[in-house]
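**Student:** Supplied in structure tokens, the structure appears directly below.
Any read-out appearing in this document is the output of simple, stated calculations on the displayed coordinates, not a laboratory observation. All figures in this text were calculated on a predicted structure; none of them were measured in a lab. Here the Cβ positions follow ideal geometry from the backbone for every residue, glycine too, while neighbour counts run over all protein chains shown.
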Amino acid sequence: MTTSERSLATILFTDIVGSTERATALGDRQWRQLLEEHHARVRRELRRFGGRELNISGDGFLAVFEGPARAIACADALRQAIRDLSLETRCGIHTGEVEGSGKTVGGIGVHIAARVMAEAAPGEILVSRSVRDSVEGSGISFEDRGPRILKGVADERRLYAVTSVPADISHGRPTAGPVQALVRRPLFAGIAAGALVLLGILYMTRRDTIADLTPEEALASDAAPGIAVLPFEARGQGLEFWREGAVDLLSTNLDGSGGLRAIHPRTILARWRERVPENAGSDLPTALEVARATGARYALVGSAVPLGQSVRLVADVYDLKRGTSLGQVRVEGDPDSLAALTDRLSVDVLKVVLGGGTEDLRIDLAGVTTSSPVALRAYLEGETLFRRSRFDAALAAYERAIDADSTFALALSRMAESCSWGSRPSDVPCGEYLERAIRFIDRLPPRPAELLRAKGYANPTEAIDSLRQAVRRYPDDPEMAYMLGENLYHGYDQALLEQDDARPFFERAVRLDPTVAVYYEHLVDRAIFERDSARAAALVERFGRVSAGSDHDRAHRLALALAFGDSATHRRARAAMDTTSTDVLFYAVSWLGSPRMLSTQTEVNRILRARPDFFPAWAATGSFFNLLQQGRVRAAASALEDPLLSQDVMSWGTYLLHRAGLDVAARRLEPHLAVPPPDTAPGIPRLLAAGAYAADRGRWSDHAAAVRQA
């Protein structure tokens, strides 16, 4: 193992008791099925209690936790979770220093935890003294098992068996809640922003310390040494997908292995396109220059060559700091065996980089992606298209991947993301794809799992806290930076921050990969809202270079003309609106929410309301918030009586009118602001409005009821 940072962690080892005998009795096929079910249940409990899976050794797990109480509660829960499978497990837990990060940790602390587990009886959770002492006062009960001599460990160690775990600990932390679609269109940001203000009030949210960090501090030094997998040279017909596919597949395998961090493929390919023409090869100095520009310590320069019915993959490994070659690796095999070829090449690369200590290393690309070659090829095609902002084509590719493997979590996640930005058919269930991806999150590598988990948090403050740490660990990752910006942008009120705190992270995403159009969206939005015409024009131009002719590109240019154009430009833009598509108008009106542009927004809303293909409830919602922003409170109150409005909008809107001081008669106000019965499945905005109104009136029992439901 390479020298790496040391940190304090709680390590959990598990092992199935009598697994060899059970496997012999069942036979290979049934045992494999039982083992898969066992692994799925263990992973579910690890997620519930915040454990990070690092390795599977035979039929057991190695995981680390931030604190010993969570590790104990997880061990207690997982031994209960597998009992109906007629399996028993033994668990060992130790708190101590470990070396490394990502998928691999080591050091004496890990060794002690393994030896503690080996001492445990069937069904027993055995812990070291450091664990017992750390949870003193928690209510967890132990039985002293006395001093033990642990193999390979100096001195005796006193061990303790867990006998009971209090209910408030055993319930664990909540898993990711129902998928909350981020509000991407500022037309309705009033609902989300105001709701988040109240959620902060309801939950007494403290100010998040990210507000006190500069971007440099927030993106600093927790990162492991980086390895950049550069595009392969594809020398034969039918091998073209290896050009970028190798970057995706090898980066997935190498990320976190051996204490390394794979540089994000988007960052690598963005730097590559800056220096190398499309579909062209590169000389070695240019390739290594690209790798250095990503901040990597190591670089992988490779090629795919046909050998009759087989393919040979060759990769040269370079130490960029020393400027030397570490060696060359090569594998050969069936070109359709993508996962197996990638696994073999990855292990050989790690042997070259680490120089030993890889005997027990197991890499299984199919286990964290898909075992279907058809699905994997379609996914790689989708990734190439997505990086070029060809969202509709990417969506079709991801859909083929999901058709081939309905549990392919990476493809499901990308499908949901493409839905958000492409002009997808109305029957494509975007939210359903994200929910399905979260359901199969245990099939993802740690980094994409962390990103997907953040997308599923019901509370933006949880997502912000998680992503802030992730951005420190992965400073090369534009997706992490963008997702942190998204959560800050939409959840700033709940976290008691400023909306502009999101800007540095959007800007960082653009710097890392300027070819992804979606990274520009909120930067354009803020520039138009703040009436910074020069900045808005520059951003719209850059967006147009990567997504020319798209609905969003046309909407940006229309909003720019309406917001900043001279009288002639303004007239032409207004005249063109009658023949502009509904989608383009809808996007454009979303960016016209600043006080000086509300009259223009009103006009665009009027055109939209007359369109038969525009969802009328959206138009009604937009009209209400437009009037409220203009200060026309009584007109907004009248608009709130539109039967097209949802109950959430009516409740939240009524509360905003109440806060604005409008003297609304109690008989009109109360029905929308009463705490709804739990069996009605009320929406979050309705509960927030009811809870805040109850607090304003000093009705604390109603306030508590709203908080419980929210």
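**Student:** If a paramagnetic tag sat 7 Å from the Cα of L284 along the Cα-Cβ line, which residues of the range 328-342 would have the backbone N under 18 Å from that point?
**Tutor:** 328-330
**Student:** Quick one: net charge of E244's neighbours, Cβ under 10 Å, K/R +1, D/E -1?
**Tutor:** On the way: positive: R243, R387; negative: E240, D248, E381, E383.
Neighbourhood net charge equals -2.
**Student:** Then there is this: At what distance in nm do the modelled label points of T324 and E136 sit from each other, each positioned 7 Å from its Cα along Cα→Cβ?
**Tutor:** 5.1 nm
**Student:** When you count, for each residue, the other Cβ atoms within 10 Å and take the mean per peptide, how do 483-489, 540-546 rank with the highest first? Please report the intermediate quantities before stating the final value.
**Tutor:** Numbers: 483-489: 26.9, 540-546: 17.4.
Ranked from most to least packed, the peptides come out as 483-489, 540-546.
**Student:** So for the pair A568, K151, with labels modelled 7 Å out along Cα→Cβ, what separation do we get in nm?
**Tutor:** The answer from the label model is 8.7 nm.
**Student:** Right, here's the next one. Rounded to the nearest 0.05, what FRET efficiency do T163 and E21 have when you use their Cβ-Cβ distance and R0 = 30 Å? Write out the running numbers ahead of the final one.
**Tutor:** Values: r = 28 Å, r/R0 = 0.93.
Computed FRET efficiency for T163 and E21 comes out at 0.60.
**Student:** Given the Cα-Cα distance of E332 and R531 and 0.36 nm per residue of separation, how much length would full extension add, in nm?
**Tutor:** Working: separation 199, 0.36 × 199 = 71.64 nm, distance 5.82 nm.
That works out to 65.8 nm of additional length.
**Student:** So, counting K/R as plus one and D/E as minus one, what does the shell of residues with Cβ under 15 Å around A23 add up to?
**Tutor:** On the way: positive: R22, R29, R32; negative: D15, E21, D28, E36, E37, D59, E88.
It works out to a net charge of -4.
**Student:** Nearest 0.05, what FRET efficiency do R511 and R609 give at R0 = 45 Å with Cβ-Cβ as r?
**Tutor:** 0.65
**Student:** Another question, then. Each label point is 7 Å from the Cα along the Cα-to-Cβ direction; what then is the distance between the points at A548 and W700, in nm?
**Tutor:** For A548 paired with W700, the spin-label model returns 6.5 nm.
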